[in-house]
Amino acid sequence: MRYLRLLLIPLLAFVVVGASGCASTRTKKKNYPVSVVRFLLEADQNTAGAVVRLPQSGVVIPVEAKAHFTEYDVEGVEVVDNELGKSLVFRLTPQAGRDLFRLSVPNQGRRIITTVNGMPIGARRIERPISQGVIVTYVEVPEAELAELARNITRTSRDMREELEKKK
């Protein structure tokens with residue numbers, strides 16, 4: 001039995017090293033922090049879902065379980081300075097822009113919650129139908145980090161859409 005263990009340990013190590021080597025050849029190494037963005041809709045009273053808490057304000061928002069827009073729907077992100085401070089502007093693909101309009105019409109008064117890598121960073125109330133395919137959100141992220149975050153979300157979204165296209 002002891003000899004069997006001695007044989008299994010190197011074999012297991014070989015399998016683990018071999019598997020990690022295979023994984024690295026399948027995915028291209030990113031030279032930036034991957035920032036996966038998702039947009040969740042605030043849940044109504046009858047919809048069971050999760051609860052998120054914004055990091056600075058501590059606001060708790062019940063959300064639907066399914067993301068309505070993902071990293072594949074984002075064409076670009078910019079930091080914009082306006083009267084209330086800095087915000088992130090998410091430009092969606094044409095198809096996602098149409099879906100955003102259809103989502104925003106019946107859900108006025110509810111909020112769209114922005115998450116990055118599963119962590120909520122901001123919320124925006126739907127005040128009217130959103131017809132331009134753009135989500136503007138004030139986020140609870142230090143101002144010094146906004147430009148880099150916007151670049152990383154844009155890079156991640158672009159790279160993931162390109163990888164998806166290659167698979168087709």
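The values are calculated or read from the model by the stated rules, or taken from the named source; none is laboratory data. What you see is a predicted model, and the numbers here were worked out from it, not measured in a lab. In this analysis, Cβ positions are derived from the backbone assuming ideal geometry, glycine residues included, and neighbour counts consider all displayed protein chains.
Observations on the structure shown:
- Looking across region 137-168, the residues that are assigned to a loop (DSSP other than H, G, I, E, B) and either surrounded by 14 or more Cβ atoms within 10 Å (Cβ to Cβ) or in contact with a Pro (Cβ under 7 Å, 6 or more places away or on another chain) (or both) come down to 138, 140, 141.
- Residue within region 66-73 that is part of a strand (DSSP E or B) and under 25 Å from residue 147 (Cβ atoms) present: yes
- Index of the failed condition, residue 152 passing every other in (1) within 18 Å of residue 67 (Cβ to Cβ); (2) within 15 Å of the chain's Cα centre (by Cα): (1)
- Scan of region 57-92 for residues that are over 21 Å from residue 132 (Cβ atoms) and polar (S, T, N, Q), ordered by number: 57
- Hey, residue 77 touching a strand residue (DSSP E or B) at 6+ places or on another chain (Cβ under 9 Å), under 13 Å from residue 157 (Cβ atoms), in a strand (DSSP E or B) and not small (Gly, Ala, Ser) or not: yes
- All positions within region 80-113 that are assigned to a loop (DSSP other than H, G, I, E, B) and within 16 Å of residue 38 (Cα to Cα): 93
- Region 77-118 - residue that is among the small types (Gly, Ala, Ser) and buried (at least 17 other Cβ atoms within 10 Å of the Cβ) and, of those, nearest to the chain's Cα centre (by Cα): 96
- Qualifying residue in region 78-88 (condition: within 16 Å of residue 41 (Cα to Cα) and modelled with pLDDT of 95 or more): no
- Region 125-136 - residue that is surrounded by 19 or more Cβ atoms within 10 Å (Cβ to Cβ) and in contact with a Lys or Arg (Cβ under 9 Å, 6 or more places away or on another chain) and, of those, nearest to residue 64 (Cα to Cα): 126
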